[in-house]
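Peer 1: Below are the structure tokens for one structure; questions will follow.
The values are calculated or read from the model by the stated rules, or taken from the named source; none is laboratory data. Just so it is clear, the structure is predicted and the values come from calculations on it, not from any experiment. So basically every Cβ, Gly included, is an ideal-geometry build from the backbone, and we count neighbours across all protein chains shown.
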Amino acid sequence: MVFRKLRNHDGTPLVALDRDDLVLDGVIAADEDEREDQNMHVQRLGKGVYVVRPVPEDGPIQPLHETELLQGLVN
């Protein structure tokens with residue numbers, strides 16, 4: 001289990017995501033140094049629980065209840 005520190009960036013709290021996980025999920029390319037232009041959607045599910053997902057360039061973000069992960073938990 002990896003723990004990350006909450007950091008202050010000009011008054012905005014930030015948590016860094018693991019680069020290798022972002023590459024694994026196709027959010028960034030393995031040979032890409034940075035991807036600051038990728039829009040990300042943050043959704044609060046409850047106290048201390050958040051979901052962070054990349055926003056697709058070609059359309060709207062899939063509703064959370066329709067994602068493969070949640071469908072697998074329900075079925």
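Peer 1: What tally of residues in the range 26-55 results from selecting those that are in contact (Cβ under 8 Å) with a residue 12 or more places away in the chain and either over 19 Å from Glu68 (Cβ atoms) or charged (D, E, K, R) (or both)?
Peer 2: 4
Peer 1: Out of (1) in contact with a Lys or Arg (Cβ under 9 Å, 6 or more places away or on another chain); (2) surrounded by fewer than 10 Cβ atoms within 10 Å (Cβ to Cβ); (3) not polar (S, T, N, Q), what's the single condition that is false for Lys5?
Peer 2: (1)
Peer 1: Can you spot a residue in the range 41-52 that is modelled with pLDDT under 90, of a type in the set (D, E, K, R) and surrounded by fewer than 10 Cβ atoms within 10 Å (Cβ to Cβ)?
Peer 2: Looking through the range 41-52, none of the residues is modelled with pLDDT under 90, of a type in the set (D, E, K, R) and surrounded by fewer than 10 Cβ atoms within 10 Å (Cβ to Cβ).
Peer 1: Here's a follow-up. Out of the residues in the range 53-72 meeting the condition of being more than 20 Å from Val23 (Cα to Cα) and of a type in the set (A, V, I, L, M, F, W, C), tell me which one is modelled with the highest pLDDT.
Peer 2: Leu64
Peer 1: Restricting attention to the range 50-75, report how many residues are under 13 Å from Met40 (Cα atoms) and assigned to a helix (DSSP H, G or I).
Peer 2: So the answer is 0.
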